[in-house]
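Okay, structure first, notes after.
Nothing in this text is a laboratory measurement; each read-out follows from the coordinates by a stated rule. Because the structure is a prediction, the values reported are computed rather than measured.
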Amino acid sequence: MPISDPITSYSVSVVRSNLHDITRQARLQLESGGSATVSFVATLPADFLEFTDAGTSLFMTDDQFEDVHTLLRDDEPAFFTALDLFGFRVGSVHSRLGDAGATRGENTGGSSSLESLIDHARRIGSDRA
């Protein structure tokens with residue numbers, strides 16, 4: 001699972017096809033050597049996060065595209081996180097997380113924040129790809 005993995009390069013496409021409902025797509029290359037694809041659709045599928053040998057596939061809704069594109073364009077670097085912990089799944093394109101200096105239990109984001117989930121994933125030593 002990519003956890004706060006810096007994005008080293010990306011490409012963005014606007015798509016219209018009768019093969020799928022994807023309207024936009026961002027392909028990410030990660031510092032770890034992995035890759036991720038973020039596909040934007042009108043209606044989020046139930047299985048919105050998948051881990052395969054080829055990389056990570058994340059689906060987001062169309063209205064999230066501009067936010068993701070802004071992060072990719074303006075943050076150097078932007079980061080990618082995809083977690084599946086005990087059935088709780090989260091995928092995120094984000095800036096550097098604000099947990100620097102916080103100790104366990106002090107995280108101001110609360111127990112359900114992205115920072116807390118990343119901290120938990122690192123503590124359990126998950127190595128799922």
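Remarks
- Spherically averaged projected area of the convex hull of Cα atoms, region 4-66: 4.7 nm².
- Residue-span extension gain [Ile3 to Thr52] - 0.36 nm each, minus C-alpha spacing: 16.1 nm
- Cα principal axis extents for region 12-104, largest first, Å: 49, 33, 25
- Working from the Cα coordinates of region 40-84, the gyration tensor eigenvalues give, after taking √(5λ), semi-axes of 20, 16, 7 Å in decreasing order.
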